[in-house]
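Down below is the structure, laid out as structure tokens.
The values are calculated or read from the model by the stated rules, or taken from the named source; none is laboratory data. Predicted, not measured: the structure shown is a model, and the values here were computed from it. Cβ: placed from backbone, ideal geometry, glycine included. Neighbour counts: every protein chain shown.
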Ligand code: PGA
């Protein structure tokens, strides 16, 4: 299973270091082969000495080696820390920061060409969910336009926008139906994200076709995140 923590705009350099040390100690003590991903803010990136199954990734990067793109980081800044994992297409980047499908696709193509492990996020807003499953799938597939689904280092994260950071989780039936329809087209692992917390981790991870979770809010506390890893370990 894949258990991922997205810090978003939370944690400092200091608290990230403490978090990662605690997490590493915990994960090293398990005998599992789950894959743990952590996406800290870019100011907290560093070379961490970690057990094999933990990877650090960036939440966002500009699809260039380096250049004049004020406020962005590129490959040169990421490679300094030997990082080769990135999130692409997170709903906050699409819907809050206005990233278009063209921009998302450009990032995907660039980081794929560099061999990155990519957690590629898709998910429908509330008004689309209310129109029913056909609209939901059309929306989600439109967010996969131009994305090479055969890429071996691709992980998909299905995160309904209306469930992110809201405390509202999609029902198990909604998750199961959506994941099954995605799996018809996608061979890559698929994560669920959207208000995942310790209390619902087990039931979500037990849903058919669910290969892991992408956790925001509840992952910011290292003890809670370790509990989620423990639950995955016991499934
Ligand atoms: P949440 O965020 O767990 O706070 O809903 C999930 C995400 O945005 O990846």
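Restricting attention to region 51-78, the residues that are in contact (Cβ under 8 Å) with a residue 60 or more places away in the chain and either under 17 Å from residue 109 (Cβ atoms) or in a loop (DSSP other than H, G, I, E, B) (or both) total 1. Here are 16, 70, 51: which of them is more than 16 Å from the ligand (Cβ to nearest atom), over 12 Å from the mean Cα position of the chain (by Cα) and surrounded by fewer than 14 Cβ atoms within 10 Å (Cβ to Cβ)? Criteria check complete, one pass: 70.
Does region 162-185 contain at least one residue that is outside any loop (DSSP other than H, G, I, E, B), within 13 Å of the ligand (Cβ to nearest atom) and surrounded by fewer than 19 Cβ atoms within 10 Å (Cβ to Cβ)? No: region 162-185 contains no residue that is outside any loop (DSSP other than H, G, I, E, B), within 13 Å of the ligand (Cβ to nearest atom) and surrounded by fewer than 19 Cβ atoms within 10 Å (Cβ to Cβ). Residue-level analysis places residue 235 outside the set of residues that are under 27 Å from residue 53 (Cα atoms) and either within 16 Å of the ligand (Cβ to nearest atom) or modelled with pLDDT of 95 or more (or both). Residue 192 meets the conditions (1) modelled with pLDDT under 95; (2) within 11 Å of the ligand (Cβ to nearest atom); (3) within 12 Å of residue 2 (Cα to Cα) in every case but one. The failed one is (1).
Checked across region 200-214, the condition of being surrounded by fewer than 17 Cβ atoms within 10 Å (Cβ to Cβ), without any contact (Cβ under 8 Å) to a residue 24 or more places away in the chain and away from the ligand (no atom under 12 Å from the Cβ) holds for no residue.
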